[in-house]
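Below: the structure, in C-alpha cells.
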Amino acid sequence: MSRQAPAVLDAGQRHPVRFTLNGRKAGGEAEPRMLLHDFLRHVLGATGTHVGCEHGICGACTVQIDGAPARACLTLAVQADGAEIRTVEGLALAPDRLSALQEAFRAHHGLQCGFCTPGILMSLDALLRERPDCGEAEIRETLSGHLCRCTGYTPIVKAALAAAEALRVPHHA
Amino acid sequence: MKPARFAYQRAATTEHVLEALHRSGGEARVIAGGQSLVPMLNMRLARPALLVDIMHVAALSHVDDDGARLTIGAGVRQRDLEMRHDTAARQPLLAMALPWLGHVQTRSRGTVCGSIAHADPSAELPLVLTALRGEVHLRSRRRARRLPAEAFFTGMMVTARAEDELIEAVSVPAVRPGTGYAFREISRRHGDFAIAAFAAVADEKELRLAIGGVAETPKARVLPTDQGLDDALDTFAWNLEARDDLHASARYRRELVRRIGREVVLAAIRDREARALKEAT
Amino acid sequence: MTLDVHAQTVGEGGWVGISIPRVEDAALLAGRGRFIDDLGMPPGTLHAAILRSPHAHATIESIRTDAARAMPGVAAILTGTELRALTTSLVVGVKAPVECWPMAIDRVRYVGEPVAVAVATDRYLAEDALGAIEVSYAPLPAVVAPLDALRDGAPLLHEGFPGNIASDRSFSYGDPDGAFASAPHRIGVDVDYPRNACTPIETYGVVAEYDPALDAYDVLANFQGPFSIHAVIARALRVPGNRLRLRTPPDSGGSFGVKQGIFPYIVLIAVAARLAGRPVKWIEDRMEHLAGAVSATNRVTRLQAAVAEDGRILALDWDQIEDCGAHLRAPEPATLYRMHGNMTGAYAIRNLHIRNRVVVTNKLPTGLNRGFGGPQIYFPLERLISRIAATLGLDPLAVVRRNLVPADAFPYRTATGALLDSGDYRAALDVALRDGDHESLLARRAAARVEGRLYGIGYAAVVEPSVSNMGYITTVLTAAERRRAGPKNGAQATATITLDPVGSVSVHVASVPQGQGHRTVLSQVVADVFGLRPSDIRVVTELDTAKDAWSIASGNYASRFAPAVAGAAQIAATRLRERLARIAAAQLNARADELVFSAGKVFSPGNPGNAIPFTRLAATGHWAPATLPEEVEQSLRETVFWTPPQLDAPNDADEVNSSLCHGFIFDFCGVEVDRDTGEIRLDRYVTMHDCGRILHPGMVAGQITGGFAHALGAALLEEQSYAPDGSLLTGTLADYLIPTAREVPEPVILHYETPSPFTPLGAKGVGEGNTMSTPVCIANAVADALGLADIRLPLLPSRLSEALHGAEPQPPHHEARPPQATQGERTLFGRGRASVDATPEQLWAMLLDPALLARVVPGADNVRRESDTRFRAEVTLGIGPVRGRYRAEIALSDLDPPRAVTLSGSVDGALGFGRGRGRLRLVPVGQARTELTYDYEAAVGGKIASIGGRLLDGAARVVIGQFFESLAVQASGRRPSLWRRLLRLFRRRA
C-alpha cells in the first residue's frame, strides 16, 4: 500500500483517461468534471450512447461498467479510468449481424424513434446474461429504470422475452 | 447541466481520504458510487473544490460479519449487498429493502454508505438503519466514533458528520432468533422516493416501527402490541408533522401511517412467528 | 417470419398491410442513429447555454454581463437588448397589440423564460459563464390559475390583453336555447383539466450559422413542422424565406408535437450565431426542457347538456377557458380550435353553444402535444355521458348508443362543420364489447363488490381527427376578420419520386418523422406501385427547405402521415409508373394501361416471357431521353403536391371541417382502487380502433400502445405543477413522473376497418386517439369504483384519500396540529421560542448592531448598514451538499422598543430566492432573563424549488430557525459551542 498520497487531478486541467471500450483500448483527455457520456460521445466519438436527462432517471445513457448496467450521466470520466466499458456499439456480432436481442427488437417493433433504445439494450443485455431464465416481471423491473415515450413498453417486453427464449435455445434464433 | 469545476483524487488508502478531508477545510467531498452526489453536481447544487474517490480503497470494500453485527464498508455497492448469497439470512430487513432502492442501474454503482451520507428522509437505507438501531462509523484524522442512526440523521439531508469525517462503514445487528421483520413502501412509481416507507422489527421484548418519507428524518417508535396500537399509530402519525407536497398531502401520509403502519407491524409479528416455527423445526 | 428485409416475399395484396421489419431499425439498434447531437459540426462551432428566469413574473432591472464576457472561452453573451436590435417579435395568433419574444426583453413572465444566452467554446464553459451573469429582478405578483387570471385586479401579463384575455368568441349552431328550454334535464360537469407534456427523450437541438455576406441563416434543428413556422422564424429574423435555410437531421428522438415548440430557440440560437460570428450549437438539457420547452394547455370547462328522458342529448353548452401560459405563441390558440368541428365527439347532436376564452398566465407557453385539444374536449364530454347515465339511472352504454352518429349517416356533417368521412360506430362498439369480453368485466366487478373491494368500469367513445385543415385556426377570428385576412385552408402533402441512371428508386417526402417508421411504410407503398421489393426503395425523410419540395403544411403533426403523405407518395409513384408504362408500351408493342409491374419486371399479361427489367426501363430517361414517346416529357422525377378538396376555409357561420379524417375509438376498462392506499390498479383495458385502412399493423399497434402510455401518464402520474406564486414544482424527472414499464400494462387492441373515402390509401391517423379516450376512460372507471361525481386528473392516490377515508379525526389533544400553509404551498410558517440570559434592553441594542447581525445571519459576511434599520449582506447558505451564495437584505420595522420588532429579509442567488417576515417579541422574565418568541412566514422559490421543493422548505425552516436561535445565543453570550456547531454547518469556510 503506497504511503504517498495519490496525485490530485487539477480542476481546470485535462487529464488522461484510459479504459477498455467494447473490448478495445480507448483513451483521451478529460477535465475531472467531464461526465462519462460526454467523454464517450464527444471525445471518443462513440455517439450511440444517448443523453436524456443528466440526472439519472431516464436511462438513455445506460452503459455497462465492469459488466453491470450503469448511468453514464452519473459517472465521471475519471472514475471510469481503468474500467471495462461496454456500449451499444459493442452489441452487434458483426457490422451486418445483429445480436439476438437486437434482432428481437427489430422483429417485435421494440423501438420507434430509437433514442432511448441503446440504454435499454445495455440493461437487457446484462439481465439476459445474468438471469437467462428471467420472466416478464423481472424484465419489467429492469425496464423500470428506463423511460421510453414511443412504444408504451409492450413491444419492448415482447422483444426481451423473445430474446431470452432465443438465447436459451440458440438454434431457434 | 454540467458540473462546475472540481479537482479529483483517487485515494488508495483510508489515510489518504482522511488526509484530503482534513486539508480541504470543508471543501472536499467523498465520492463513492456518485448516484446521489453526481445529480447535485450536474445541477450545480453542490460545488465542492475536491472530490475524493474512495472506491479504490481496498479496506473499505468489505462486509464484515462477526456473528452479532454486519459491518458494511463505505465501498460496498448496494447491488453487491443485494446479490450476496447470505444477506437475506443474516439481516432480512436489509434484503427486503434493497430491491426498493432506485433501480438496478443505480444500485449497481451506488453504495450503502453513500445513501446514508446523503440522508434523504425518503430513502430506504436510512430508514432501515434507524429501524435496526444501526450505527454509523465515522473516522477523521482526529478520532473515530460511532453514532446511532437517530443521532446521525439531524435533518433533511443534514447529518452529524463533521466535514473532516469519513463514513467508514455502517453496521446493523445481524438477525436474532425470535425476531420478525417487515418492510413496505408507498411511492408514486416503483423506484421513486417514498411518500411513506415502513420498516418494522418485532422481537420478544418490543415492537419497533420506523417510518421514512414523512418527517425530516426517519423516525422510530416502540409500539404496544395490544389494543393500544391504533391510538399509538395515530399519535405517531401526528407527531411526524407531515407536510403537503406535490405527490401527497400531509393528511394522506398520516392515513398511510395509521393504515399501512398497522399492516407492517402485523406483518413483522407474523414474520417473527414464522421464523420461530422454522427455528423450532 | 423472416427478419431479412432482402429476402421478403410479397403478400397477396402487395407490401402494404404487412408488418415488415423497419428499415430504420438496424442502424438505430447498433448505435448508428443520426440524431442532431450525433452529427459532425462545422469546425469552430461554439456552444450555447441559456440563463433562465427563476421568477414567474418580474421586471428585469438590469443585466450585468461584463464578468461573464471576460471568462475564458466565452465568445458572446446575448441579452434581450441585442435580440431586440437584430430581430422582430414573433407573430401572435390573435389580433392584439402584443409582442412575443423568444427571450425576455424587459420582463419575465414564467419560470424558465430565457433571459440571456452565453456562447463559449464548450458547453461546460458556457454554463460557467451563466453563473457570472448578474440579473437584478423586481418581482411582480404572479397569476397561475386561469380563473384567477380573469378576476378583477388580477396581475396583468400583457397590456395588449386586457383582463389577461387574448380571445373571447361565442358560437351558436342549431337552436341550443330552444333545446335547453324544452329539455326535461339539464346535466353538467365542471372540469379543470391539468397541464402535461409529452416530453420526448431527446431534447431540442439547434445548430445555426449566419452568413453576413448574404444576410442568410442556415439552421439545423430537430424541428418537426408544421413548416408554416418557417415563415414565422424568417419574419422574426428579418430575412425573406429564401434566406432561412432550415434543415432537419435524419433521426429525431421523439416529438409527439413538442418539437414544434423549438422555434423560438431557433431564432435565439440563430441570433447568437450572428453575434458570435461562428456556428453555434445548443442542445437543450432536461431541466431546460421541463421548464422551458412547451406544454399542452390546461383548460377550465363547464359543459352542460340538455337531455331527454331516454338519455338523448338535445344540446350542448360549452364554456371553455383555455390557458396558453405566458405568451400566445404560434400556432396557439390552435389547441382550442383543432377540435372545433368535433365538439360533439362521436355523437349526433345538432344544437350547441360554445364560448371560447383564451387567457394568459405566468406559466410556460403552450404548443403542440399529442392529442392536441382532444384530451381537453373528451374529458368533459365523456364524463358528461357518465354523469347523464348516473343521474338518469341509465346504463352508460345505453347513453352512448343512443347518441352515436348512425352508420347510414356517413359522410356525416357535424353541427360545427366537420365532415366525418366513414365509420360504423355502433358496430365497432358491439365488436369491442364482444371481443373485449365486456361480460367478464361486469362479472369481475360484481364479484369484487360482493367482497367489499372497490372496482369500477369506465367507457369512452371518441372521434379521432387527423390531417388538420390549415385554416381551422382562423376560426378564432370573426368572419369579417377572416375576409380581410384572406382564406386559409387545405393540408398540402408533398412527395417526390426519383429514378437514377441505374434505375433505382428514391423517395423523398417532407414528413419529418420522429420515430414513426415513415421510411418503411413509404418503401412498401412505392414498392407496390412499381412491383419492386421495399428493400429496392431508398427513402429520405430529412428536410432541407433550400432544396426540397415542401409547403407550410409539411411536417409531422396531426397524424397526417398515413392518410396524406403516404398517399401523396403513392400518387407520385403512380404518375411515374404511367410514364414508364408508355415507354415500355412502345418497346413491348403493348397497350400502356395493360402492362404489369411485378417482381422487378414490366410485361404484358398476355406475354410475360417478354419482359423488360424495371431498372432498365427506369434508367431510360437518363440514357436515351430522345427515345421517349412524345407525350412523356421526362421520366426522371415526379413531385406531387396533394391537398384534399374537403378542407375548406371556415364559412361565415363559423362551420369548419377542421380535419380530413375521423377515426373512431371505443375504450372500456376495469380498475380496482386499494381502500387503504388509494392506489389504482388497471385490471383490463380494451381499446377498439377504426383508423381506416391499416398500412403496417406493427406500427399501428406501436402507435396505439405508445399513445396509451402517454394517456396513462396523463391519467395517473403526469402534471406540470406550479405553486400559487408561479414556482415550477416539476423541474426534474423525479417530480414530473413519466410512466415506466411497471406502470403500463398491455392493452387489448381491437380493430374495425372502414377505409376513408377521402385519402388515397384509405388510411386515417391513429397515433393520437388514446390520449383522447384513455384518460377519461380510466377516470370514469375510478369514479364508478368510488361513486364520485367530481374527479380530477391526474388521479393521485393522495387526492382520493378524502373519498376513501372520510374526514380525518382531530389529533389527540396533547398533540399540537402543526402549522399548515393556508396561502399556498410555497409559503412556510413557523414559530419558536428561546430563553436568553439578558434583559430586553440589552437584546434590543444588539438588534440594531450590524456586527451582531453579521454573526446571527447564517453564513453572512460583509454586512453593510444602509440605514439604521436596513442592512445588506452576502450570505452563503447550505443544507447538506447543497450550497449557494446569495445577496441578502434585512430590514427592521414596526419597532416597539424594547418589546417587539418585525424583521424582514430577502435572499437572492443562483439557486433561488426567498423572502420572509418574522415578528420577534421580548418578554422579561425576572431580573436578567428574557423570553424571546418569534413567528414567521417565508416564501421561497427559484431553481431549487423546481428541483427539490421539499428540500427547499426544509432548508428555509432550518435557516430561519437558526437565525432566531443564533440571536438568542449571541444575546446570552453563552453556549458558544452550540453556536460554533451551527456555524460550522452553515458557513462556507474560505
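The values are calculated or read from the model by the stated rules, or taken from the named source; none is laboratory data. Computed from a predicted model, the values in this text were never measured in an experiment. Here Cβ is always computed from backbone atoms with ideal geometry, including for glycine, and neighbour counts include all displayed protein chains.
Mind counting the residues in the stretch C:562-609 that are buried (at least 22 other Cβ atoms within 10 Å of the Cβ), touching a helix residue (DSSP H, G or I) at 6+ places or on another chain (Cβ under 6 Å) and in contact (Cβ under 8 Å) with a residue 40 or more places away in the chain?
Total meeting the criteria: 8.
Residues being crowded, with 23+ Cβ neighbours inside 10 Å and either more than 7 Å from chain A (Cβ to nearest Cβ) or closer than 15 Å to C:I947 by Cα (or both): count how many of those fall in the stretch B:3-19.
Qualifying residue count, the stretch B:3-19: 1.
Can you list the strands (runs of 3 or more DSSP E) found entirely within the stretch C:279-344 that contain at least 2 residues being assigned by TED's automatic domain parsing to the domain that holds C:D421?
Strands (runs of 3 or more DSSP E) meeting the threshold: C:298-307, C:313-323.
If you check C:Q516 against the conditions, is it within 14 Å of another protein chain (Cβ to nearest Cβ), outside any strand (DSSP E or B) and out of contact with any Lys or Arg (no Cβ under 8 Å at 6 or more places or on another chain)?
When the stated conditions are applied, C:Q516 passes them.
Considering C:P194, C:P176, C:P162, C:P146, which residue is in contact with a Pro (Cβ under 9 Å, 6 or more places away or on another chain) and closer than 23 Å to C:R357 by Cβ?
After ruling out the rest, the residue left standing is C:P194.
Only one of A:G12, A:G48, A:G56, A:G27 is surrounded by fewer than 22 Cβ atoms within 10 Å (Cβ to Cβ) and either part of a loop (DSSP other than H, G, I, E, B) or under 15 Å from the mean Cα position of the chain (by Cα) (or both); which?
That would be A:G12, the only listed residue that is surrounded by fewer than 22 Cβ atoms within 10 Å (Cβ to Cβ) and either part of a loop (DSSP other than H, G, I, E, B) or under 15 Å from the mean Cα position of the chain (by Cα) (or both).
With C:G726, C:G731 as the choices, which residue is under 30 Å from C:H55 (Cβ atoms), modelled with pLDDT under 95, within 14 Å of chain A (Cβ to nearest Cβ) and surrounded by 24 or more Cβ atoms within 10 Å (Cβ to Cβ)?
C:G731
Please go through the stretch B:208-252 and give me each residue that is within 7 Å of chain C (Cβ to nearest Cβ) and among the hydrophobic types (A, V, I, L, M, F, W, C), ordered by number.
B:W238, B:L246, B:A248
What are the pairs, 6+ residues apart or on separate chains, where a residue within the stretch A:64-75 that is over 15 Å from A:L121 (Cβ atoms) has its Cβ under 6 Å from a residue that is part of a helix (DSSP H, G or I) and hydrophobic (A, V, I, L, M, F, W, C)?
As it stands, the answer is A:L74/B:V38; A:T75/A:L36, since those pairs meet every condition given.
Against the condition part of a helix (DSSP H, G or I), away from chain A (no Cβ under 11 Å), surrounded by fewer than 24 Cβ atoms within 10 Å (Cβ to Cβ) and touching a strand residue (DSSP E or B) at 6+ places or on another chain (Cβ under 8 Å), how does B:L81 come out, does it pass?
Working: part of a helix (DSSP H, G or I): yes; away from chain A (no Cβ under 11 Å): yes; surrounded by fewer than 24 Cβ atoms within 10 Å (Cβ to Cβ): yes; touching a strand residue (DSSP E or B) at 6+ places or on another chain (Cβ under 8 Å): yes.
In short, yes.
Considering the stretch C:357-411 alone, what residues qualify as being out of contact with any Leu (no Cβ under 9 Å at 6 or more places or on another chain), closer than 25 Å to C:S422 by Cα and not in a helix (DSSP H, G or I)?
C:R370, C:G371, C:F372, C:P406
Against the definition (in a strand (DSSP E or B), aliphatic (A, V, I, L, M), outside the structural domain of C:V300 (by TED's automatic domain parsing) and within 26 Å of the chain's Cα centre (by Cα)), how does C:V119 come out, yes or no?
In short, no.
Quick one: in the stretch B:38-52, of everything that is crowded, with 23+ Cβ neighbours inside 10 Å and not in a loop (DSSP other than H, G, I, E, B), which residue is farthest from the other protein chains (Cβ to nearest Cβ)?
Within the stretch B:38-52, the match that is farthest from the other protein chains (Cβ to nearest Cβ) is B:V52.
Is it the case that some residue within the stretch C:375-398 is in contact with a helix residue (DSSP H, G or I) (Cβ under 8 Å, 6 or more places away or on another chain), among the β-branched types (V, I, T) and without any contact (Cβ under 8 Å) to a residue 60 or more places away in the chain?
no
If you check C:L51, C:L28, which single one turns out to be over 30 Å from C:P697 (Cβ atoms) and either of a type in the set (A, V, I, L, M, F, W, C) or within 14 Å of chain A (Cβ to nearest Cβ) (or both)?
Matching residue, one of C:L51, C:L28: C:L51.
Condition check: more than 14 Å from every other protein chain (Cβ to nearest Cβ) and under 19 Å from C:P563 (Cβ atoms). Does C:A763 satisfy that?
On the way: more than 14 Å from every other protein chain (Cβ to nearest Cβ): yes; under 19 Å from C:P563 (Cβ atoms): yes.
When the stated conditions are applied, C:A763 passes them.
Among the numbered criteria (1) farther than 16 Å from A:L21 by Cα; (2) modelled with pLDDT of 95 or more; (3) out of contact with any Asp or Glu (no Cβ under 9 Å at 6 or more places or on another chain), which one does A:G82 miss?
Unmet condition: (1).
Within the stretch B:125-146, how many residues are crowded, with 18+ Cβ neighbours inside 10 Å and charged (D, E, K, R)?
Here the count works out to 2.
List pairs: first in the stretch A:19-35 and within 8 Å of chain B (Cβ to nearest Cβ), second part of a loop (DSSP other than H, G, I, E, B) and modelled with pLDDT under 95, Cβ under 8 Å, 6+ apart or cross-chain?
A:E31/A:G12
Under 7 Å by Cβ, and 6 or more places apart or on different chains, what pairs join a residue from the stretch B:86-114 that is away from chain A (no Cβ under 14 Å) and buried (at least 24 other Cβ atoms within 10 Å of the Cβ) with one that is of a type in the set (S, T, N, Q) and part of a helix (DSSP H, G or I)?
From residues that are away from chain A (no Cβ under 14 Å) and buried (at least 24 other Cβ atoms within 10 Å of the Cβ), the pairs are B:L94/B:T87; B:V112/B:Q78.
With respect to C:Q810, determine if the residue is surrounded by fewer than 18 Cβ atoms within 10 Å (Cβ to Cβ), of a type outside the set (K, R), modelled with pLDDT under 85 and out of contact with any Cys (no Cβ under 9 Å at 6 or more places or on another chain). Give the steps one after another, and end with the answer.
Numbers: surrounded by fewer than 18 Cβ atoms within 10 Å (Cβ to Cβ): yes; of a type outside the set (K, R): yes; modelled with pLDDT under 85: no; out of contact with any Cys (no Cβ under 9 Å at 6 or more places or on another chain): yes.
No.
C:T301: buried (at least 23 other Cβ atoms within 10 Å of the Cβ), modelled with pLDDT of 95 or more and among the β-branched types (V, I, T), yes or no? So that I can check it myself, show each step before the final result.
Values: buried (at least 23 other Cβ atoms within 10 Å of the Cβ): no; modelled with pLDDT of 95 or more: yes; among the β-branched types (V, I, T): yes.
The answer is no for C:T301.
Based on this model, can you work out whether C:G31 counts as surrounded by fewer than 17 Cβ atoms within 10 Å (Cβ to Cβ) and free of Cβ contacts under 8 Å to residues at least 60 places away in the same chain?
Judged against the criteria, C:G31 is not a match.
Rundown of residues vs (1) surrounded by fewer than 19 Cβ atoms within 10 Å (Cβ to Cβ); (2) at positive phi; (3) modelled with pLDDT of 95 or more, yes/no style:
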| position | (1), (2), (3) |
| --- | --- |
| B:E185 | no, no, yes |
| B:A199 | no, no, yes |
| B:L229 | yes, no, yes |
| B:A242 | no, no, no |
| B:R253 | no, no, yes |
| B:V257 | no, no, yes |
| B:E263 | yes, no, yes |
| B:T281 | yes, no, no |
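Can you name every residue in the stretch C:332-368 that is in contact with a helix residue (DSSP H, G or I) (Cβ under 6 Å, 6 or more places away or on another chain) and among the polar types (S, T, N, Q)?
Within the stretch C:332-368, C:N351, C:N356, C:T361 qualify.
From the residues in the stretch C:735-794 that are surrounded by fewer than 24 Cβ atoms within 10 Å (Cβ to Cβ) and of a type in the set (K, R), which one is farthest from C:L712 (Cα to Cα)?
By that ranking, first place goes to C:R792.
With the requirement that a residue be outside any strand (DSSP E or B) and surrounded by fewer than 24 Cβ atoms within 10 Å (Cβ to Cβ), what does the stretch C:204-226 give you?
Correct list: C:P212, C:A213, C:L214, C:D215.
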